[in-house]
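As structure tokens, the structure follows; a few thoughts come after it.
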Amino acid sequence: MPFSTYAELKTSVQAWMARGDSLVIDRIPDFIRLGEERINRDLRVSDMIAAPITLTIVAGQNWVALPADFLEFKRIRSDAEPRIEYMSPDALEDLEPCGDASKYSIEGRRLLYGQTPDADLPLTARYYAQLPVLDDSTTTWLLTKAPSVYLYASLIEGALFTKNSKAAGEWGSLYDKAIAALQGKDEAAAVSGSTLRMQRR
């Protein structure tokens, strides 16, 4: 059956699992929530990129807290640096005392900057944001655009809960294909459906 809401997704998960016992039915919200966690780990498409934000490094420190829904940075820059690039926390810590204004790292829920500025330093960042948690009062662009991703992710978790490894593998294969298709369409849209061509000199 078609579904476009959280309630309809729960009904579809139960129908596809073909289970009517309370042991499974009562856990369907858990399957969906664990499926969302799986999706947030695996999916990176343009619909997930949040509007540009400003992260301010306070004078005298070299870090700033990450947004609550942060998954991964797309781009970071400052007025002086058009592109600030990632390096590992250990490599950042080993920089010379003057640091490097073109580098950042991530440790815990903090962005670590390559320098300790003398004045507040605003960084402009774009990042991939977590999907909002589905419930009876919310929906997401993904549930509208690719409901199969939610369904298959939830069914994987349901199969793992019921210790059905064969079903988990089958749903996992369909989930992987749905993720790949969504990312493929997103990449094609980014270049307006054209292909990159090498120019001859």
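What follows draws every value from the coordinates through simple rules; no lab data is involved. Bear in mind the structure is a predicted one, so any value in this text is a computation, not a measurement. Note: ideal-geometry Cβ built from the backbone for every residue, glycine included; neighbour counts use all protein chains shown.
When region 19-59 is limited to residues that are part of a helix (DSSP H, G or I) and among the β-branched types (Val, Ile, Thr), the one that is surrounded by the fewest Cβ atoms within 10 Å (Cβ to Cβ) turns out to be Ile25. Against the numbered list (1) within 30 Å of Leu95 (Cα to Cα); (2) hydrophobic (A, V, I, L, M, F, W, C); (3) in contact with a helix residue (DSSP H, G or I) (Cβ under 6 Å, 6 or more places away or on another chain), Trp141 comes up short only at (1). Within region 70-87, the set of residues being surrounded by 15 or more Cβ atoms within 10 Å (Cβ to Cβ) and in a loop (DSSP other than H, G, I, E, B) comprises Ser78, Glu81, Ile84, Met87. Every listed requirement among (1) free of Cβ contacts under 8 Å to residues at least 60 places away in the same chain; (2) of a type in the set (Phe, Trp, Tyr); (3) more than 14 Å from Ala129 (Cβ to Cβ) is met by Phe73 save one, (3).
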